[in-house]
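Written below as structure tokens is the structure these notes are about.
The values are calculated or read from the model by the stated rules, or taken from the named source; none is laboratory data. Remember, predicted model here, so these are calculated numbers, not experimental data. Don't worry about glycine lacking a Cβ; one is built from the backbone with ideal geometry, like all the others, and counts go over all protein chains shown. These area figures cover heavy atoms from the full protein model, side chains too; ligands, DNA and RNA do not enter into them. Shrake-Rupley method; radii C 1.70, N 1.55, O 1.52, S 1.80 Å.
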Amino acid sequence: MTNATASGRRGILPAHEIRRLAEDGAIVAQTPFDADQIQPASLDLRLGSVAYRIRASFLPGPGATVAERVETLALHRMDLSEGAVLETGCVYLVPLQERLTLPQDLSALANPKSSTGRLDVFTRVIADTARAFDTVPEGYEGPLYAEISPRTFPVLVRPGSRLVQIRFRRGEPAYSDDTIARLHEREALVSTGTADIDNGLALSVDLTGTREGRPIGFRAKRHSALIDIDRKAALDVLDYWEPVWPRGDFILDPDEFYILASKEAVRVPPTHAAEMVPFNPLVGEFRVHYAGFFDPGFGHATGSGEGSRAVLEVRSHEVPFILEDGQTVGRLIYEELTDAPEEVYGAGIGSHYQRQGLKLSKHFRDYEP
């Protein structure tokens, strides 16, 4: 993982290198960056001033731009300047305020922000000529777009709202099970002591609860009021969620959305970033964790040193599915940063989920049964 390209070390770029990209013109924004827009190993992307309601999700494919495809797919153009509601069951495309002119040795990958995933807002980033979502090839020059589809709650957005984030990588992905095993020996990546490492570090679901008298999860209520994506700690939990309490077998109902937590507490050393990779569909028809980025320092400096639980956004597909306590639901891969970060995830930079157990998005007030 210490291999280098001609322009520097291979790996994920930390915050100070992202700032340097902006200074060098590789990232161009319509308005100056927000003070907290650059995270320890990622950049939040901001919505522009218009949104298009489109007939269906799409990829432009080779030789086509997103703007060209929108001309034939758009049903309605919406002005976001005074705020606009994105309705459930609809697909929207929003040009982002940031565009890229990447060097030839840099690529990028995107994901929903943690708070976006916890609201069941399905969000992906699209680049011109893209054959895949959330991926930006080396040397890309052009605009970026967010495809947004609220699944459970309608959301109020405006220019500058931040639903997605992007990471920058120099060189090819550089991770392996051997690397994760060595890192676990040195840093204790999970609180359980023993680590299940096979195509990533396994995480399992907690259906017994770590605190007596607390729920093990939440199930989203349908037909709730809208959520202002930019307002923090403004909403009552029970207006939007039903607590899920410990019991025997836990059955995921089709097309219901759940927030659960991992049994393991996770640690990400300051030298690395982590990502939850797509779950193997051969062991269950359900999706876990829309927002898969874990910043350097996540769970690493929590005071107790135990780590932080991974919050799991869970949705079953097609048929009911029995989930069992301790069942593996996802795997983490760790990738080294190109350089030591100047800041890491935590309370010092206003991170919302550093000491989390089971935790809803930042839009909700704390829940006390």
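Overview of results
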{"quantity": "Å² of accessible area per residue within the chain, as computed with a 1.4 Å probe and no ligands counted", "calculated": "43 Å²"}
{"quantity": "Top positive-direction residue, dipole computed over the chain with Cβ charges, set Ala202, Leu189, Tyr367", "calculated": "Tyr367"}
{"quantity": "Cα-based equivalent ellipsoid, the chain: semi-axes from gyration tensor eigenvalues, Å", "calculated": "30, 27, 19"}
{"quantity": "GNM result for the chain, Cα springs below 10 Å: residue of Thr338, Thr194, Thr271 fluctuating most strongly", "calculated": "Thr194"}
{"quantity": "Segment 110-222 - Rg (one decimal) and Dmax (whole number), Cα, Å", "calculated": "18.7, 53"}
{"quantity": "Portion, in percent, of the accessible area of segment 177-336 that falls on carbon or sulfur, probe 1.4 Å", "calculated": "47 percent"}
{"quantity": "Ser176 accessible area, assembled protein chains, probe 1.4 Å, Å²", "calculated": "50 Å²"}
{"quantity": "Rg over Rh [alpha-carbon atoms, Kirkwood Rh] for segment 11-170", "calculated": "0.94"}
{"quantity": "Given charges at Cβ of Lys, Arg, Asp, Glu: segment 11-170 dipole, positive-most of Leu75, Tyr145, Thr101", "calculated": "Leu75"}
{"quantity": "For segment 177-336, convex hull volume per residue from C-alpha positions, Å³", "calculated": "135 Å³"}
{"quantity": "Heavy-atom accessible area ranking, 1.4 Å probe, most first, across Leu109, Leu59, Leu323", "calculated": "Leu59, Leu109, Leu323"}
